[in-house]
Amino acid sequence: MTDETSLSFENLALAPALIAAVREIGYEAPSPIQAQCIPHLLAGRDLIGQAQTGTGKTAAFALPILSRIDLARRVPQALVLAPTRELAIQVAEAFQTYARYLEGFHILPVYGGQGMGQQLRQLARGVHVIVGTPGRVMDHLRRETLNLEQLTTLVLDEADEMLRMGFIEDVEWILEHTPPTRQTALFSATMPPAIRKIAERYLNQPAEVRIQAKTATVEAINQQYWLVSGLQKLDALTRILDAEDVDAMIIFVRTKTETVELAEKLEARGYEAAALNGDMSQVLREKVIDRLKRGTLDIIIATDVAARGLDVERITHVVNYDVPYDTETYIHRIGRTGRAGRKGTAILFVAPRERRMLRAIEQATRQPIQQMRLPTLQDIADRRIEQFKAQLVETLDNQDLGFYRELVDQMVAEELGEPADIAAAMAFLMHRERPLVAPAEPAEPREAPREWRPEGRPRRERRGGENLRRYTVDVGREHGVLPKDIVGALANEGGIAARQIGAIRLFDTYSTVELPADLPEECFRLLKKTWVRNQRLNLQPMEGDQRPPRKTLTLKSGEASQRRSGGDESRAPGRRRARIDGDE
Ligand code: AMP
């Protein structure tokens, strides 16, 4: 890990309101790009940052801009140019999040396709920061509906993307039409000559920040990645826990808040897990690590900072639940396994838009990372059946079964059943709460079309055992929405078949809708841009609304002996405590 990462946000001379915000969001320490960029930007220097999505580059420019903003002057003081409207919205949202303690702060995203009227009204009211696509920003400047005379900072975000999309002339035009005294920061994942030229022409003695990719060998570690699609990350994680031979696992996430949340979600699913983060006292952290060493705990969820230097030989698996900021962090993370000459497995969850980081890691480790096939429910069932058989054989070989044998003979003599039937009944009882046979994978969509159901009507039958879950959308009664508007948007914009849409309930400011639990990532992407009754839909799974199709019970009592005798499903790490997950 670079030295910069041992810095804290408090060391960075940011305004207290921003330090308070990042603390609350749960950022533990600045990412390397932040640690290097923020001091330059706070000092007013121009900057070239070679960084891609996922490195934390948005905060690298947003925090210093916000730190220096003059809230009393409601004129655009900073402009961020972004290649797409999705990115513009994302950046604007990030600014909002960091500005939570800057009262009266206003930011406006402007992009093509959005009604001019709303933008004009907001511009007239006064905003401090504009985030926009080059074309629309140019439009406003030409019409003189945007005045950038007081602009102090200009950021070019994903400059190489803007070049690739043919916006570079617009960008230059905007650069020519902003005060030459402005501070300029240029962020780009790559530095093609055309971008270099822009930097030379428009930036004034810029500082250059680049996260060096060091190479390292990681031979003892089997590296795999799972391209996040279809299932949610949490479901993917539990399948891995159920299907792999995990002794101990460390799961890396980005924020302190997430360490706790993920630990809670795993606990709710019956896996004992603990968080490890920088907010915990040294004593508490040592306690967790000690339990991991002793094997009374198998799963920890950690931030990079908290796991620094962690040395536990039992760790067989490292899961990068959130992609690391840079290759060096990745190498540090996976180095927590494969220790003391043992073999280890590192799994990287990577969203399609983070694929560039995957390639960067392959280069840095000089090794290809294999794409993993996520275990299916059938794989998990097969494995549990094998384990069950092995457990029976082991018991037959090693236990004195005289008493039970007599019991069976007695039942046969009393004509209560054949031996095979009695054995089958016992096997059934052992797995009553968690049957060995997997429920069917999501079946083909039902044939009959499914239309919305007004509140109060009886719940319809769910598709054969398939998981539906509730999602929220940010439009409700107050906005005058009708269920058919939501169905229309989900079906037409999100590509979700109407028959896959379950009950819709309207509340004042939001609504809930039942959809397949394994809604593909693509649907979320498509629906990101969807507006209904002037509200962004913002489809999101409702936390805690997982509906397992059956009950699950894992018992503490039998567990220890099962483990000793080779283990059945208790081998699933952390499945320790009695827990019943009800149907609903
Ligand atoms: P970006 O590279 O700007 O797209 O950021 C990627 C993700 O990293 C976003 O979800 C941020 O919320 C998160 N992030 C940025 N900085 C930090 C930090 N210092 N600690 C934890 N997470 C961060």
Checklist entry - Would you say residue 457 is over 25 Å from residue 232 (Cβ atoms), of a type in the set (Lys, Arg) and either under 32 Å from the mean Cα position of the chain (by Cα) or modelled with pLDDT under 50 (or both)? => result yes
Checklist entry - Would you pick out the residues in segment 289-309 that are away from the ligand (no atom under 15 Å from the Cβ) and either under 26 Å from residue 53 (Cα atoms) or surrounded by fewer than 18 Cβ atoms within 10 Å (Cβ to Cβ) (or both)? => result 290, 291, 293, 294, 295, 296, 309
Next on the checklist: If residue 328 meets every condition in (1) surrounded by 17 or more Cβ atoms within 10 Å (Cβ to Cβ); (2) modelled with pLDDT of 90 or more; (3) not hydroxyl-bearing (Ser, Thr, Tyr) apart from one, which number is that one?
Outcome noted: (2)
Checklist outcome for this item: Note on segment 90-116: residues more than 16 Å from the ligand (Cβ to nearest atom) and of a type outside the set (Ser, Thr, Tyr) are 102, 103, 104, 105, 106, 108, 110, 112, 113, 114, 115, 116
Checklist entry - So which of 386, 354, 362 ends up being among the acidic types (Asp, Glu) and outside the structural domain of residue 240 (by TED's automatic domain parsing)? => result 386
Checklist entry - Hey, any hits in segment 262-277 for a residue that's in a helix (DSSP H, G or I), loosely packed, with under 14 Cβ neighbours inside 10 Å and not acidic (Asp, Glu)? => result yes
Next on the checklist: Could you list, ordered by first residue, the pairs with Cβ atoms under 8 Å in which the first is in segment 478-503 and within 15 Å of residue 536 (Cα to Cα) and the second is surrounded by fewer than 21 Cβ atoms within 10 Å (Cβ to Cβ) and among the acidic types (Asp, Glu), at least 6 apart or interchain?
Outcome noted: 478/508; 487/451
Checklist entry - Within segment 505-528, which residues are assigned to a helix (DSSP H, G or I) and charged (D, E, K, R)? => result 521, 522, 525
Checklist outcome for this item: By my count, helices (runs of 4 or more DSSP H) wholly in segment 73-157 with at least 1 residues that are under 20 Å from residue 185 (Cβ atoms) are 85-98, 134-143
Item to check | Which numbered condition residue 393 misses (of (1) more than 18 Å from residue 225 (Cβ to Cβ); (2) β-branched (Val, Ile, Thr); (3) modelled with pLDDT under 90) | outcome: (3)
Next on the checklist: If I ask for residues that are aliphatic (A, V, I, L, M), more than 12 Å from the ligand (Cβ to nearest atom) and in contact (Cβ under 8 Å) with a residue 24 or more places away in the chain, which ones from segment 22-78 would you list?
Outcome noted: 41, 42, 47, 48, 65, 66, 69, 71, 75, 78
Checklist entry - Looking at segment 229-241, which of the residues that are in contact with a strand residue (DSSP E or B) (Cβ under 8 Å, 6 or more places away or on another chain) and buried (at least 18 other Cβ atoms within 10 Å of the Cβ) is farthest from residue 371 (Cα to Cα)? => result 241
Next on the checklist: Just to be sure before I move on: is residue 23 modelled with pLDDT under 95, surrounded by fewer than 18 Cβ atoms within 10 Å (Cβ to Cβ) and either within 21 Å of the chain's Cα centre (by Cα) or not in a helix (DSSP H, G or I) (or both) in the structure I sent?
Outcome noted: yes
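The values are calculated or read from the model by the stated rules, or taken from the named source; none is laboratory data. A quick note: this is a predicted structure, and the numbers were derived from the prediction, not measured. Backbone-built Cβ (ideal geometry, glycine too); neighbour counts: all protein chains shown.
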